[in-house]
Structure formats: structure tokens, C-alpha cells
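Everything on this sheet refers to the single structure shown next.
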Amino acid sequence: MRSPVLPLTWHLTRSSGRRGLQSHLLSAAAAAAGALILLTLLSAHLGSGTRADRTAWRTPDAVSAAQATAIQTLGTTYVNHRPVTVVSLAQLPNRPDTPAPPGLDRFPAPGRTYLSPALANLMDRLPAGQLANRFPAKTDYGTLGEAGLGAPEELVAVVGRTPDDPAITRAPEGDALNTLAARARVSGFTGTKPSMFTSFDQQAAVLGGALLVVPVIVLASAAGRLGVARREQRLAALRLAGATPRQILAMTGVESAAVGLAGGLLGAVAYTLLLPVLTWVPYGIGTWYGELWVGLPWLLAVVAAVAVLTSVSAVSTLRGVARSPLGVAQQADPRRTRLIRLVLFVAIGLYVTVTAHGGGLSTGQSLALIVLVYGAFWMLGPWVVDMLGRLLSRFARRPATLLAARRLSDDPRGAWRTVSGLVLAGLVAGFFTVGQVGIGGYDCPGQVAVRADHGKPRELAVQARELLAKARVKASVETASADVWDGILSGSKGVVVHVRGGQEQIDTATTALSSLSPGNLPFTEDYVNAEGDITTRVIGEMGLAVLALGFLVAAASAGLTAAATVLDRRRVYGLLRLAGTPLKVLDRARMRETALPLVVLAGGTTATGIYAGMKVNEMFHMETDSSGAVRLALCVALGAATMFAALAGSRPLLRKVTAERAQDPD
Amino acid sequence: MSTVLAGNGLIKKYGTTNALAGVDVQVAERESLAIMGPSGSGKSTLLHTLAGIIRPDRGQVLLRGERSEMEIPPAEGWGRVDHWGENRLSALRRKRFGFVFQFGQLLPELPAEENVALPLMLEGVPRRQAVQRARRWFAPLGLAGLEHRRPGQLSGGQAQRVAIARALAVEPDVVFADEPTGALDQSTGEEVIRLLTSVTRDQGAALVMVTHDAEVAAHCDRVLQVRDGRVSGYSQYTVA
Ligand SMILES: Nc1ncnc2c1ncn2[C@@H]1O[C@H](COP(=O)(O)OP(=O)(O)O)[C@@H](O)[C@H]1O
Ligand SMILES: [Mg+2]
């Protein structure tokens with residue numbers, strides 16, 4: 001026998017009218033937004049990986065002296081706080097030809113210099129004394145193509161040299177900073193280690209994804225719930241007409257999966273259309289070439305996941321109706337939350353604190369910890385809501401507060417879901433705005449240093465003074481011996497130049513000194529703090545994105561949930577209004593049932609976030625920036641305001657459904 | 001027997017449907033009036049119009065014991081309910097009327113006693129007092145011991161009795177009931193109606209009840225027959 005479920009579902013969908021269509025559209029829009037956000041994060045993650053891989057040729061795998069066909073050195077020099085990656089290549093004589101590196105069509109001949117377009121552009125704009133003179137060739141540059149670059153903004157130069165050039169022979173062989181400066185014998189350009197400047201992008205994208213995935217799930221399921229609220233009455237009628245609960249669940253599942261699928265596809269289309277725009281969004285090392293496209297399999301997987309989420313949440317919402325033919329979504333017992341939630345929360349909290357305190361966690365471990373913290377709050381949230389509800393219902397004096405309180409302890413999970421997005425965003429906000437994640441830098445403004453691995457610092461200092469005088473840079477030059485650890489040279493012997501004047505003077509000094517100790521490019525504060533600065537910047541960018549998206553998603557799902565709640569209870573609200581209950585009281589109760597847990601929980605998580613941020617600062621011996629707290633307050637206030645705006649958005653709906661004539665089946 | 005609520009020449013149209021096509025009706029103090037008629041005949045529309053929920057297109061709704069203010073008299077001491085604004089009507093329904101609907105009028109998360117106390121709290125009665133006053137209704141309605149149950153934990157008949165308690169808690173002048181037993185089985189409905197009529201009378205309130213069940217209507221003092229928006233007949237007074 002053919003199952004009647006599909007035809008019935010189709011009939012139900014078609015006959016649900018403009019109202020039904022509206023709710024379908026709203027659910028689909030939420031699903032679309034969820035899919036769009038997931039796809040965007042996924043492409044940030046995958047794209048970061050792809051472009052990081054494209055930088056790996058700069059540090060290829062070293063081979064033995066016997067196999068080597070070329071020698072490659074890597075150096076990093078800064079201009080106006082931006083890193084310039086300098087790769088020097090020298091073909092070894094009497095060895096097979098080394099293949100061309102990515103982005104070039106042949107292996108660079110000695111004396112040839114190739115520039116990335118962004119670097120060529122910058123050279124045109126800056127006086128030669130600030131940048132161009134750092135490179136051997138002064139004219140006739142070649143161009144380094146896309147294949148050798150991570151991002152269009154990357155500043156990269158490839159210099160062809162002879163193997164006996166001091167710039168090659170005296171370059172430091174792999175050391176502590178070997179991702180910024182290195183020398184190796186190579187036979188090709190296959191490497192697995194991406195540029196340090198790209199390496200954190202992907203990790204931060206995972207972090208962002210992990211933080212946003214929960215709010216997005218909440219959004220998708222809010223979409224599912226809304227759809228059900230609209231259809232509930234109709235389904236109850238079907239139930240009265242003799243449909244089995246199973247059939248009703250199947251119908252709901254099919255219908256909301258279709259809506260979720262449509263929304264997910266819409267999100268996927270929006271993502272595809274937005275790709276060119278996303279390509280312009282700078283993240284980490286810069287904007288993007290074409291690597292943001294996630295590929296069809298991922299695209300379909302995300303769409304399917306969104307559809308499944310919508311459907312599952314719709315079906316689980318509808319369970320109650322399927323049981324009670326009258327369609328009154330009444331549950332016999334309040335769903336009590338148990339103390340075990342608090343116990344588990346404390347246990348997880350202790351575990352995380354202890355584990356994090358040790359430091360030295362890998363990305364995977366940090367991710368696991370973040371997921372754990374999230375999970376812990378997810379477990380604690382309903383319990384706190386329940387407690388809050390019980391406490392308030394004991395002391396409430398006004399009807400609106402009493403209604404809100406009773407509702408909180410009646411369905412703590414539902415109330416928690418509404419506020420969870422913002423509450424968890426508060427946690428993230430607290431952490432990112434206060435925690436100056438990163439390694440505390442050296443403080444050496446205005447200094448330019450040159451290592452003297454070969455030669456005496458004293459002699460270098462004399463030459464340095466001449467070079468600086470010729471370049472008209474006002475500076476004092478001092479020598480440093482190998483036992484000075486707290487300076488810019490941190491344990492290497494060399495010269496340190498204290499430049500008077502601004503950034504231009506520093507760049508000029510850096511340029512003037514670039515030939516001072518061949519193989520050892522001069523470096524500045526930017527260079528020694530590179531790793532910490534990158535980490536801080538990328539986390540900051542991701543933190544901001546997570547915050548903005550998190551608040552938006554949270555507000556959207558709160559709005560949807562509020563609308564669904566109004567629809568769920570339109571009968572009782574409508575009848576209460578007929579009996580003279582002021583709409584204001586119902587509305588105030590509605591607002592309070594969100595505002596109260598929001599204030600308590602978001603306050604709590606934000607404080608936790610601040611605490612964690614301060615702990616991180618402590619671990620890295622950094623001062624906590626008090627402006628972070630101000631920013632945080634602004635963020636949370638803004639988020640809460642958005643949330644209440646979204647709640648207020650369902651006020652007209654409340655007015656409308658309560659004004660409708662109570663539909664008593666006659 | 002003095003009239004407490006009256007509708008004169010009530011007309012209400014929905015598009016081309018004449019839901020009320022000129023209805024005259026008087027409700028006397030303490031009497032119980034059943035409104036009967038087939039489905040779609042205008043029973044609910046009439047009840048809603050008398051209760052100040054729907055404004056009639058034509059005709060008057062008069063309520064005794066209201067200051068007339070700027071209203072054109074028929075008489076001092078009568079309010080032209082059909083002239084009032086939404087806020088005043090809402091307050092009127094809250095203070096002087098009580099309502100019992102077919103089902104689903106109780107807030108599912110409030111215990112029974114708080115559902116009953118809600119209208120009192122809305123009137124500014126402190127919570128503790130409101131709940132105490134609400135509890136007094138439980139025994140007479142056969143609900144003793146169910147004060148802390150939530151609506152989901154009550155049977156249909158019990159829930160309707162809680163609804164009756166809530167309607168009576170504010171000590172209204174008129175109780176309106178629209179198919180109050182529509183969702184109940186025969187014997188439970190019978191019991192609910194018996195309690196509704198007797199407790200309302202004891203309280204000193206009038207009862208206006210819509211039903212299409214003649215047995216239910218038989219519990220009332222008087223029956224008003226409605227057909228196609230018109231009064232098609234009154235049954236006799238049965239009150240002594
Ligand atoms: N809000 C409305 N909009 C349109 N038509 C309505 C509305 N309310 C009632 N009606 C129509 O008015 C007539 C009387 O309705 P009602 O008073 O509910 O009848 P009863 O309660 O006797 O079944 C019916 O034909 C009904 O369809
Ligand atoms: Mg009716």
C-alpha cells in the first residue's frame with residue numbers, strides 16, 4: 001500500500017495559505033542564514049589551509065648535500081610594519097637543473113629579482129632609499145605570480161644569486177626564527193611547512209567555527225519550531241480526523257525538511273553569489289584569490305545538515321501535539337532539571353582550569369577545551385534558569401513577573417535556548433576583549449639590529465655609522481655581545497642602531513643597513529614580535545567576526561523563538577485578552593522571561609570570559625587592558641539591545657493573534 | 001426582576017454575512033440565559049457583542065451601574081458599552097464580567113490557584129491575598145486538593161471548573177460562557193453546568209451561556225433561540 005504521508009503533506013502545505021507561507025518563508029530564511037554562516041566559516045577554514053599551502057615552497061624540505069641541486073635562503077624584512085618575505089635561490093654548479101618555484105616560469109638566474117605585484121606596487125610608491133635599495137637589482141624586476149603567493153597583499157621577493165654569494169653562504173642555517181629566516185639545500189619546492197604568517201589563520205577559523213556552530217544550530221532549530229507552531233492547529237485537526245501520531249510526525253518531518261532544504265539551498269546560492277564579495281574580506285595575511293569556494297561536496301553537506309537540523313527540531317517540538325488531539329501543547333509535568341547539571345559543570349570547570357593552567361596546548365586540545373566549556377554552560381544553563389524561575393516565583397508580586405517566573409521553571413530548557421546564543425557570545429566576548437592572547441613582545445621601539453654572525457661587531461658598527469650617515473639617518477650605534485639576552489638581539493652578537501625619527505627613518509635605516517652583514521637582514525621590533533603580533537591580530541579579527549555574527553544569530557533566533565512562542569500560545573493569550581487581561585501584561589511577561597535569564601546568565605558568562613581572559617594575560621605576563629572592559633560592555637549592551645529589538649519584533653504578532661477570533665470548533 | 005445588561009437592535013455584518021440582524025435581548029440580575037441555535041447562527045457573535053468584545057455596527061449595549069458621562073441618555077446609571085474605547089472595555093471585562101470558554105483558557109505553567117488568582121492580581125490585589133481569595137472557590141466547585149495542580153495535570157472537567165472559579169473570582173455582575181462543555185463528555189458536562197449555574201447564582205451574578213445542547217440549556221432560567229442572526233424565540237421564564 002502506498003503511504004498517504006507524502007500526498008497528505010503536500011496537501012497540508014498547499015492549503016496552509018498565506019500565513020503558512022509566511023512562516024515557511026521565515027523558517028527558510030533562518031535556515032538560509034544558518035547555512036550561509038556555516039559555509040562562510042567553512043570557506044575561511046578551508047581557504048586558509050589552501051593559501052597556507054601555497055606559501056610552503058618558501059621553506060621546502062631540505063635534502064642531503066649529495067642530492068641538492070640548489071641552495072635556498074629565507075629572510076624577512078619589514079617595511080612600515082609589513083613583513084617582506086625574501087627568498088634567495090642559487091643553482092649549484094654541475095647539478096641537474098632545479099625546477100622553477102611556484103609563481104615563476106623558470107628558476108631565477110643570478111642577479112634577477114622577482115617581486116609580488118603588491119611589493120612592486122609598494123616599491124613604486126616609496127623612495128628607493130626606504131625599500132627598493134634592499135634588493136640587488138634596481139630595475140627590470142620580474143613578477144612573482146599567484147601560484148607563489150598566499151594572498152594578493154603579500155609582499156614577497158625572489159632573488160637569484162650565485163652559490164658563493166655571501167648573502168647565501170652567510171645566511172643563518174635554521175635557527176629559532178627559522179620560519180622567518182633559514183637556509184637549506186634543496187632539490188625542488190615541495191614543502192609542508194606553510195609561512196608563519198599564514199599558519200594561524202586556519203586555527204583561528206576553526207576556533208571561530210567551533211564558537212559559532214552552536215548558535216547556528218540553535219537558529220536552525222528555532223526555524224523548525226516556528227514552522228511547527230504555525231502548523232500545530234492544522235495538524236491537530238488531522239489528528240482528530242484520524243491520522244496516526246506516526247503519520248503526523250512523518251508529515252512534519254518531511255515538510256520541515258523540505259523547508260530547511262529550500263532554506264539551505266538558498267543559503268548556498270547566496271554564498272555562491274557572495275563569493276566575489278567574500279574574496280575582498282581581509283583575514284589574516286590578506287584578501288583572497290579563488291580559494292574560498294568550498295567545493296560541491298561540502299556545500300551539499302552543509303545544506304543537508306541544515307535541512308536535517310530543521311526537520312529534527314520540528315519533529316521533536318511536535319511530539320506533544322501528536323499525542324494530544326486537542327492540540328493544546330500542554331505537558332503534564334514541568335521538566336525539572338537536576339542538580340547533576342551543576343555538579344558536572346563544576347567538574348568540567350575544574351578540569352578545564354587545571355588543564356589550561358599547564359599551558360602549552362595544541363590547537364586540537366584548546367578546541368576540545370572550548371567545546372567542553374561550551375558544553376558545560378549548555379548543561380548549566382537550564383539549571384540556572386530553573387533555579388531563577390523558582391526563586392522568582394516565590395517572591396514575584398506583580399502578575400507579569402509571576403508569569404515569567406512560572407514559565408522559566410516550567411520549561412527551563414526552552415528559556416535557555418532562547419538566550420543561549422547571547423549568553424555564549426558573552427563568554428566569547430569576555431574572553432576576546434580582555435584576553436590579549438599572544439606572546440608578550442620585546443619593547444624596543446626605534447631600534448634596528450644586525451646580527452654579526454661573521455665579523456666583529458665593532459667593525460660592523462663603524463661601517464653602520466658610515467652607511468647611516470650616507471642615508472642621512474640620525475641614529476646612534478652600539479654593539480652588543482652574545483651574553484646580552486634582554487635586548488632586541490636576544491643573545492646574538494651584533495650592532496643595535498637607535499634611530500631618531502619616525503617609521504620612515506627606521507625603514508631608511510633598515511634599507512641602508514641591508515648590505516651590512518650579507519645573509520643577515522637588519523631587523524626591527526616588528527620582526528622579533530612577529531609571532532605574537534600575528535596571533536593577536538588574527539584572534540582579534542576572528543573574535544570580532546564571531547562576536548558580530550554571534551550576536552546577530554542570537555538575536556535572530558531569539559526573535560524566531562519569541563514568534564514561535566506567541567503562536568504556540570495564541571489560544572490562551574487570545575482568550576486571556578478577551579477576558580480583559582491587558583496585552584501589556586502578557587507582553588511584559590514575555591519580555592521578562594527572556595530578560596531575567598539573560599541578565600543573570602549573560603552577566604555570569606561574561607564575567608567568566610573576563611576571568612579567563614585575565615588568566616591568559618597572567619600566563620603570558622601581560623597587563624590587562626581596561627579599554628577591553630569598556631568595549632565588552634558596549635558589545636554586550638549592543639547584543640542585548642539587538643535581542644530585545646528582535647523580541648519586540650514579535651509584538652505586532654502578539655497583538656494580531658490575540659485579536660483573532662477564538663476559533664472554537666462548533 | 002431588574003435588567004443588568006441589555007442589547008437593543010444589535011446588527012453586525014461580516015462582509016455580506018449578517019451575523020446579527022437586529023437582536024434585542026435583556027439579561028436580568030441573577031438570571032441564567034441560554035443562547036441556543038444551530039452552528040453559524042450568530043450565538044458567539046451575540047455573546048461577544050454583549051460582553052464588549054465586538055462592537056456592533058448598529059444598536060446599543062447597555063450596562064447598569066456605569067456612569068454615563070457624555071453618553072446620550074436612555075437613562076442615568078447606564079453605560080453605553082458599544083461606545084467605549086478598547087482600554088475601558090478591557091477594564092470592564094476584567095472587573096465586571098467573567099468568562100468561561102470551551103477549552104485552553106488556563107495558562108499551562110500556572111498552578112490552578114494562581115490561574116484563579118490572576119484576575120485579582122491584575123486588579124492590584126496583593127499576591128498572597130489574591131491566592132487566598134482564589135482558594136475559597138475550590139471547595140464549592142469540588143476542586144479541593146487540586147490547588148497546586150497545573151492545568152496539564154487536570155481532567156477536562158476539572159479544568160473547566162477552575163475556569164469557572166477564575167470567572168467568579170472577581171465577583172462579576174455577569175458571567176459569559178461560550179460552549180463551556182463543548183469539549184467534555186456528557187456526564188462531565190452535566191456536572192460542570194450544574195456547578196456553573198448554581199455557583200453563579202449563589203454568587204449573585206447573571207449567566208449568559210452559549211450552547212447548542214438542549215439538555216445544557218435546560219439548566220438555565222430562560223432560553224433564547226437564535227437563527228440566522230435573529231431571535232427566533234424565547235422560552236418561558238422558569239424562574240419563580
Ligand atoms: N470574524 C469573523 N469574520 C467573518 N465572519 C465571521 C466572523 N465571526 C463570525 N463570522 C460569521 O458570522 C456568522 C455567525 O458566527 P458565530 O457567531 O460564530 O456563530 P455560532 O457561534 O452561532 O456558531 C457565521 O456565519 C460566521 O461565519
Ligand atoms: Mg460559536
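Site pair A:VAL484 and B:TYR234 shows an inter-label distance of 11.3 nm when each label is modelled 7 Å from Cα along Cα→Cβ.
Given contacts defined as C-alpha pairs under 8 Å and at least six residues apart, what's the relative contact order of chain B, whole-number percent?
The normalised contact order for chain B reaches 28 percent.
Taking every DSSP helix (H) stretch of at least 4 residues in chain A, weighting each as -39,500 (n - 2.57) and dividing the sum by the residue count yields a mean residue ellipticity at 222 nm of -20500 deg cm²/dmol.
Applying 0.36 nm per residue to the separation of A:GLU459 and A:ALA548 and subtracting their alpha-carbon distance, the gain on full extension is 26.5 nm. When the alpha carbon coordinates of region B:145-240 are projected onto the principal axes, the ranges are 45, 27, 23 Å, largest first. Going from the isolated chain to the complete set of protein chains, region A:572-608 loses at least 50 Å² of heavy-atom accessible area (1.4 Å probe) at A:VAL572, A:LEU575, A:LEU576, A:LEU578, A:ALA579, A:GLY580.
Among B:GLU147, A:GLU618, what's the order by accessible area (1.4 angstrom probe), most exposed first?
Putting B:GLU147, A:GLU618 in descending order of accessible area: A:GLU618, B:GLU147.
Distance check, please: which entries in A:LYS193/A:LYS456; A:LYS138/A:LYS470; A:LYS138/A:LYS493; A:LYS493/A:LYS615; A:LYS584/B:LYS13; B:LYS13/B:LYS95 exceed 25 angstrom between their Cα atoms? A:LYS193/A:LYS456; A:LYS138/A:LYS493; A:LYS493/A:LYS615; A:LYS584/B:LYS13; B:LYS13/B:LYS95, as the Cα separations exceed 25 Å there. Surface calculation, 1.4 Å probe, protein heavy atoms: A:LEU26 sits at approximately 90 Å² accessible.
Distance between the pseudo-spin-label points of B:ASN87 and A:LEU21 (7 Å out from Cα toward the beta carbon): 3.9 nm.
Relative contact order for region B:110-167: what percent, with Cα pairs under 8 Å and sequence separation of 6 or more? RCO, region B:110-167: 49 percent.
Here's how it looks for A:ASP61: its modeled amide H is under 5 Å from those of A:THR190, A:GLY191, A:THR192, which are all 5 or more places away or on a different chain. The H on the amide N of B:SER32, modeled in the peptide plane, is under 5 Å from the matching H of B:LEU207, B:ASP221, B:ARG222, each at least 5 residues off or on a different chain.
Binning all Cα-Cα separations of chain B at 5 Å, short to long from zero, yields these whole-percent fractions: 1, 7, 14, 18, 19, 17, 13, 8, 3, 1, 0. Just the accessible area per residue of chain B, please: how many Å² with a 1.4 Å probe? So chain B comes to 41 Å² accessible per residue, rounded to a whole number.
Taking the accessible area of region A:447-524, probe 1.4 Å, and keeping the other protein chains in place, the carbon and sulfur fraction comes to 50%. The share of accessible area on chain B that comes from carbon and sulfur is 47 percent, using a 1.4 angstrom probe.
Extension gain, A:THR353 to A:VAL599: 0.36 nm times the residue separation minus the Cα-Cα distance gives 86.1 nm.
With a 1.4 Å probe on protein heavy atoms only, work out how much accessible surface B and A bury together, total over both chains, in Å² to the nearest 100.
Interface between B and A: roughly 3100 Å².
Taking every DSSP bridge with both residues inside the protein assembly as shown, close to 70 percent are antiparallel.
Note on A:LYS474: accessible area approximately 140 square angstrom, rounded to 10, probe 1.4 Å, nucleic acids and ligands left out.
Heavy-atom accessible surface of B:HIS148, to the nearest 10 Å², is about 130 Å², with a 1.4 Å probe and all protein chains retained. Computed from label points 7 Å out along Cα-Cβ, the spacing between A:ALA304 and A:LYS615 is 3.9 nm.
What length, rounded to one decimal in nm, is gained on full extension from A:VAL281 through to A:ARG82, with 0.36 nm per residue of separation minus their alpha-carbon distance?
On the way: separation 199, 0.36 × 199 = 71.64 nm, distance 1.84 nm.
That works out to 69.8 nm of additional length.
Using only the C-alpha atoms, the convex hull of chain A corresponds to 192 Å³ per residue.
With the alpha-carbon atoms of region A:56-193 aligned to their principal axes, the span from lowest to highest coordinate is 44, 32, 28 Å, starting with the largest. Rounded to the nearest percent, how much of the accessible area of region A:56-193 (1.4 Å probe, protein heavy atoms only) is carbon and sulfur? Result for region A:56-193: 51 percent of the exposed heavy-atom area is carbon or sulfur.
Taken one residue at a time, the phi angles of region A:92-102 give Karplus couplings (6.51, -1.76, 1.60, θ = phi - 60°) of 7, x, 6, 10, x, 5, 7, x, 6, x, x Hz. Gly and Pro are set to x.
Taking all protein chains into account, the per residue accessible area for chain A stands at 44 Å² (1.4 Å probe). For the set B:TYR234, A:TYR114, solvent exposure ranked by accessible area (probe 1.4 Å, protein chains only) runs largest to smallest as B:TYR234, A:TYR114. Within region B:79-95, the residues that become at least 10 Å² less accessible when every protein chain is included than when their own chain is isolated (1.4 Å probe; DNA, RNA and ligands ignored) are B:GLU86, B:SER90, B:ARG93, B:ARG94. Cβ-Cβ distance of B:ARG58 and A:VAL371, R₀ of 56 Å, FRET efficiency by 1/(1 + (r/R0)^6): the value works out to about 0.25. When only Cα pairs below 8 angstrom with a gap of at least 6 residues are kept, chain A shows a relative contact order of 18 percent. When DSSP beta bridges are restricted to pairs lying wholly in region A:56-193, around 70% turn out antiparallel. Computed over protein heavy atoms with a 1.4 angstrom probe, the accessible surface ordering of A:GLU593, A:GLU525, B:GLU171, largest first, is B:GLU171, A:GLU525, A:GLU593. When the square roots of the Cα gyration tensor eigenvalues are ordered a ≥ b ≥ c, the ratio a/c for region A:465-616 is 1.5 or more and a/b exceeds b/c, which makes its shape prolate. Report the FRET efficiency, 1/(1 + (r/R0)^6), for B:TYR14 and B:GLN186, where r is their Cβ-Cβ distance and R0 is 41 Å, rounded to 0.05. Once rounded, the FRET efficiency stands at 0.80. If you wrap the tightest convex hull around every Cα atom of region A:432-546 and split its volume per residue, you get 108 Å³.
For A:GLU146 and A:LEU274, a Förster radius of 25 Å and the Cβ-Cβ distance give a FRET efficiency of 0.70, rounded to the nearest 0.05.
The values are calculated or read from the model by the stated rules, or taken from the named source; none is laboratory data. All of these numbers come straight from a predicted model, not from anything done at the bench. Because the Cβ atoms are built from the backbone with ideal geometry, glycine has one as well, and the counts that use them run over all protein chains shown. Heads up: the accessible areas ignore ligands, DNA and RNA and are worked out on the full protein's heavy atoms, side chains in. Shrake-Rupley method; radii C 1.70, N 1.55, O 1.52, S 1.80 Å.
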